[in-house]
Amino acid sequence: MRAPEFSAQWYREVTEFAHGLPPWAREAAEIGTDAGLGLFAVLFLAGWWRARGRGDRAMALALTAPVAVIAAYLVSEISKTQLREERPCRAVAGAVNIAACPAPGDWSFPSNHATIAAASAAAIVVAWRALAPLVLPLAALMAFSRVLVGVHYPHDVAAGYLLGAAVAALACLAAARPAAALVGRARALPGGPALLGTPPAPRPPAVPMSATPTVPDLVPVGADHSPGSATRPAS
């Protein structure tokens with residue numbers, strides 16, 4: 001597979017910009033391109049801990065998140081071996097890269113880093129939607145960093161991002177119901193609550209408010225209840 005010229009041109013512009021950064025910024029970019037994956041691992045653990053006090057589906061989504069990322073990675077890796085696009089740090093003349101160029105045979109399209117980052121973000125969002133404003137931009141930044149350090153074309157990371165997000169989200173949603181059933185059974189086993197927590201107690205059903213009973217008018221004792229018994233004037 002040959003990279004499109006527009007992507008090669010963007011690659012040159014980004015890597016030339018990166019080459020002009022201060023040394024500390026280039027070093028931070030090289031470290032951060034891998035360190036971000038560790039942050040996603042921490043968020044997976046936080047999601048598991050959070051789900052320990054929630055329902056079976058919440059715990060199932062927390063547990064299937066890493067599995068969904070592995071599934072996305074496998075799809076990406078199989079695609080790489082079939083398409084065989086050369087790395088830009090070898091294919092582009094005069095390429096200036098911050099990170100070391102991967103060995104020959106480690107193909108470029110799609111980007112595994114971008115796939116893993118986007119898959120991690122998508123799986124976390126499915127399980128913990130409130131983190132979307134954090135993890136989705138973080139995954140995009142990690143994907144871009146692969147171009148910045150000079151080891152991927154822009155279209156590599158764009159494809160990897162879309163692939164990872166789609167595969168992971170679909171895998172989590174498809175596995176949610178059977179995984180929730182397994183979590184429910186596992187929580188009932190000895191030691192299950194220690195690992196998986198216990199779901200919250202079901203709320204008691206709401207008691208409907210009854211209508212206010214109508215209080216009948218009180219009639220004095222001994223009063224005449226016969227029809228037409230109007231008050232007669234005293235004689």
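The values are calculated or read from the model by the stated rules, or taken from the named source; none is laboratory data. Quantities reported herein were computed from a predicted structural model and do not represent experimental measurements. We place every Cβ from the backbone using ideal geometry, glycine too, and count neighbours over all the protein chains shown. What goes into the accessible areas is simple: the full protein's heavy atoms, side chains included, and nothing from ligands, DNA or RNA. Shrake-Rupley method; radii C 1.70, N 1.55, O 1.52, S 1.80 Å.
Of note:
- Tabulated pairs, the range 8-32, first assigned to a helix (DSSP H, G or I), second open to solvent by 100 Å² or more (accessible area, probe 1.4 Å), C-beta under 9 angstrom, 6+ apart or interchain: 26/19; 32/141
- Residue 37 over 19 Å from residue 144 (Cβ atoms) and either surrounded by fewer than 18 Cβ atoms within 10 Å (Cβ to Cβ) or in contact with a Phe, Trp or Tyr (Cβ under 9 Å, 6 or more places away or on another chain) (or both): no
- Taken over the range 178-197, the criterion of being open to solvent by 80 Å² or more (accessible area, probe 1.4 Å) and in contact (Cβ under 8 Å) with a residue 12 or more places away in the chain is satisfied by 182 alone.
Every residue, every condition in (1) on the phi > 0 side of the Ramachandran plot; (2) touching a Pro at 6+ places or on another chain (Cβ under 8 Å); (3) without any contact (Cβ under 8 Å) to a residue 40 or more places away in the chain, yes or no:
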{"position": "131", "(1), (2), (3)": "no, no, no"}
{"position": "140", "(1), (2), (3)": "no, no, yes"}
{"position": "143", "(1), (2), (3)": "no, no, yes"}
{"position": "154", "(1), (2), (3)": "no, no, no"}
{"position": "163", "(1), (2), (3)": "no, yes, no"}
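- In this entry, residue 3 passes the filter for residues that are modelled with pLDDT under 85 and closer than 22 Å to residue 140 by Cα.
- Filter result (open to solvent by less than 60 Å² (accessible area, probe 1.4 Å), within 17 Å of residue 185 (Cβ to Cβ) and of a type outside the set (Gly, Ala, Ser)) within the range 62-89: 64
- Unique match (being modelled with pLDDT of 90 or more, touching a helix residue (DSSP H, G or I) at 6+ places or on another chain (Cβ under 9 Å) and among the aliphatic types (A, V, I, L, M)) among 186, 130, 139, 95: 139
- Scanning the range 91-111 for residues that are out of contact with any Asp or Glu (no Cβ under 7 Å at 6 or more places or on another chain) and either polar (S, T, N, Q) or surrounded by 14 or more Cβ atoms within 10 Å (Cβ to Cβ) (or both) turns up 91, 92, 95, 97, 101, 102.
- Residues within the range 115-141 that are within 18 Å of residue 155 (Cβ to Cβ) and open to solvent by 10 Å² or more (accessible area, probe 1.4 Å), tallied: 3
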